[in-house]
Amino acid sequence: GGVSGVILEHLAEVACIWEATARKVGNVHPTAEFADLSYLDFVQSAAALGAGFKYPLHSGVGWKVRRAVELTREHVGKNTNLGIALLLSPLVGSWELMPVKLPTFRSAVEAALSRLDEVDATEVYHAIRLANPGGLGDAPEQDVRDEPTVTLLEAMKLAADRDMIARQYANGFADVFDFGTPAFLDAFAKFGSVEAAIVDCQLRWLAAFPDSLIARKNGLAVAEDVQKRAAAVLELGGIATPEGRAAGVALDKHLRSDGNKLNPGTTADLIAGCLFVALREGKIAPSAPFRWPSPDWL
């Protein structure tokens, strides 16, 4: 049956809060903060994003992104959720194509992406300039400092080879649907807590793909080194074994060692997308057991 828009923004908020609360390596969580970012910043950003997605339900994908970033700027004063807004907006925005017109959530997402236009691009460019994310770099074409002359989908396709969020627009969220969401759900079945499942899913993402934010700030070789380190944690059994957990704790220390320059921020955003998909498809409930009582973890 149909899921009302109201429930969808709530699920988007739950996905953001879950992602921020899980003790993932290298990220902000309740017991680890950065000099300029606290756990509460992320919780308040989740509320701002939920509010930004709430307004006219027929509003475009780009409009939702811009509104979420504006409200976050207003209430938190920081760029905490541009990436999450970019990922969740087409996922939330596809709801009106369900369930009558298209049989699956995934087909509705693909349809929503195909409808993106130059207005969406203009709104998103505005949101990106407002958020002014770290290490944006100069794009050879369709630079965000200029007004776009292409649709949002075309703009994302131009960046897809260097940014995992843009890549989801280009490939119909294939990495989220085929890799990340099943990894999270498998881990939830195995470990029985949302937090453990998120941490496991994060390690799998980090081992499979270089993190785009780490690559933007430090170069691809450094991002690939983090990828190898995450793979080594999984080879020791990941969070299922004491050895794997010890290696994960060591990886966390490494990622935080130099002023959090190795914060795997794009992976965190992708995980929020996976959590939303799992919630949206009814594979997990917001009331699912969250806490992972592991004494030898972060």
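Considering each residue of segment 3-55, count those that are touching a residue at least 40 places away in the same chain (Cβ under 8 Å), open to solvent by 50 Å² or more (accessible area, probe 1.4 Å), under 25 Å from Gly93 (Cβ atoms) and charged (D, E, K, R), and give that number. The qualifying residues number 1. Report yes if some residue within segment 236-244 is over 27 Å from Asp178 (Cβ atoms) and at pLDDT below 95; otherwise report no. Checked against the condition, which is being over 27 Å from Asp178 (Cβ atoms) and at pLDDT below 95, segment 236-244 yields no hits at all.
Reported count of residues in segment 169-194, each being closer than 19 Å to Ala112 by Cα and in contact with a Lys or Arg (Cβ under 9 Å, 6 or more places away or on another chain), is 7. Being under 25 Å from Asp161 (Cβ atoms), at pLDDT 90 or above and of a type in the set (Ser, Thr, Tyr) is a property that Thr122 has.
Does Val199 satisfy the criteria of being open to solvent by less than 10 Å² (accessible area, probe 1.4 Å), modelled with pLDDT of 95 or more and either not in a helix (DSSP H, G or I) or not aromatic (Phe, Trp, Tyr) (or both)?
yes
Determine, yes or no, whether Arg67 is among the basic types (Lys, Arg), touching a Gly at 6+ places or on another chain (Cβ under 9 Å), open to solvent by 20 Å² or more (accessible area, probe 1.4 Å) and modelled with pLDDT of 90 or more. Yes. May I ask you to list the residues in segment 225-275 that are charged (D, E, K, R) and surrounded by 14 or more Cβ atoms within 10 Å (Cβ to Cβ)? Across segment 225-275, the qualifying residues are Asp225, Arg229, Arg245, Asp252, Arg256, Lys261, Asp269. Figure legend. Inter-residue proximity from segment 230-258: first residues within 20 Å of Phe209 (Cβ to Cβ), second residues acidic (Asp, Glu) and surrounded by 15 or more Cβ atoms within 10 Å (Cβ to Cβ), beta-carbon distance below 7 Å, spacing 6+ or different chains. Indicated pairs: Gly238/Asp200; Ile239/Asp200. Pro295 satisfies every condition listed in (1) open to solvent by 60 Å² or more (accessible area, probe 1.4 Å); (2) outside any helix (DSSP H, G or I); (3) under 27 Å from Asn81 (Cβ atoms) except (3). Inclusion of Ala155 among residues that are open to solvent by 10 Å² or more (accessible area, probe 1.4 Å), more than 18 Å from the chain's Cα centre (by Cα) and closer than 19 Å to Lys283 by Cβ is not warranted. Please work out which residue is most open to solvent (accessible area, probe 1.4 Å), limiting yourself to segment 165-196 and to residues that are of a type in the set (Phe, Trp, Tyr) and within 25 Å of Glu110 (Cα to Cα). Per the criteria, the residue is Phe179.
The values are calculated or read from the model by the stated rules, or taken from the named source; none is laboratory data. Keep in mind the model is a prediction, meaning the values are calculated, not measured. Every residue, glycine among them, receives a Cβ derived from its backbone with ideal geometry; neighbour counts consider all protein chains shown. Calculation scope for accessible area: heavy atoms of the full protein, side chains included, ligands and nucleic acids excluded. Shrake-Rupley method; radii C 1.70, N 1.55, O 1.52, S 1.80 Å.
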